[in-house]
Amino acid sequence: MLFQIIHKHTVDRCYSAAGYGSSRFMDTIAKLFSKKFHNDTGVTIVNAVIDGPGHCMYMIVETDDHQKLTHFIEPIHDAENEVVPVSDMMYLMSLKD
């Protein structure tokens, strides 16, 4: 199942404010994108983009269990996270051909 995660945080809670090598960044964002974390949680990031100035990240993730998704977003639980089920539109349109 695919889900979109819309993650928003405030400027004062920005993960990269202290720099990409900072412990806050490494303990959260780097962990979230690590293959080990994906294997441990059973959630795979299919795509991710950021709106840096807006302090917003958009992720498409895949998992077979909503509970796994809850564990996956634990590192970024200190901000606003909206999770919605989505469908792969490119795949659905290919079925029409």
Suppose we filter Ile29, Ile73 for residues that are touching a residue at least 60 places away in the same chain (Cβ under 8 Å) and touching a strand residue (DSSP E or B) at 6+ places or on another chain (Cβ under 9 Å); which single one remains?
Ile73
Can you confirm whether Ile50 is closer than 20 Å to Val86 by Cα, modelled with pLDDT under 95, in contact with a Cys (Cβ under 9 Å, 6 or more places away or on another chain) and of a type in the set (Val, Ile, Thr)?
yes
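If you take the residues in segment 28-52 that are within 19 Å of Ser16 (Cα to Cα) and among the β-branched types (Val, Ile, Thr), which one is surrounded by the fewest Cβ atoms within 10 Å (Cβ to Cβ)?
First pass over segment 28-52, keeping only residues within 19 Å of Ser16 (Cα to Cα): 28-34, 48-52.
From what is left, the residues that are among the β-branched types (Val, Ile, Thr) are 28-29, 49-50.
Working: Thr28: 20, Ile29: 19, Val49: 9, Ile50: 14.
Going through the qualifying residues, I end up with Val49.
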If I filter segment 28-43 down to residues being in contact with a helix residue (DSSP H, G or I) (Cβ under 7 Å, 6 or more places away or on another chain), part of a helix (DSSP H, G or I) and of a type outside the set (A, V, I, L, M, F, W, C), which single residue comes out as modelled with the highest pLDDT?
Thr41
Considering only residues that are small (Gly, Ala, Ser) and without any contact (Cβ under 8 Å) to a residue 60 or more places away in the chain, which ones fall in segment 83-97?
Ser94
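If I ask for residues that are of a type in the set (A, V, I, L, M), surrounded by 10 or more Cβ atoms within 10 Å (Cβ to Cβ) and assigned to a helix (DSSP H, G or I), which ones from segment 75-97 would you list?
Once the filter is applied, which keeps residues that are of a type in the set (A, V, I, L, M), surrounded by 10 or more Cβ atoms within 10 Å (Cβ to Cβ) and assigned to a helix (DSSP H, G or I), segment 75-97 yields only Ile76.
Can you tell me which residues in segment 3-13 are over 12 Å from Asp51 (Cα atoms) and surrounded by fewer than 15 Cβ atoms within 10 Å (Cβ to Cβ)?
Hits for segment 3-13 are Thr10, Val11, Asp12, Arg13.
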Can you tell me how many residues in segment 53-74 are surrounded by fewer than 15 Cβ atoms within 10 Å (Cβ to Cβ) and in contact with a Cys (Cβ under 9 Å, 6 or more places away or on another chain)?
0
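The values are calculated or read from the model by the stated rules, or taken from the named source; none is laboratory data. It should be emphasised that the depicted structure is a prediction, and the values quoted were computed from it without experimental measurement. Glycine gets a Cβ as well: all are built from the backbone with ideal geometry, and neighbour counts include every protein chain shown.
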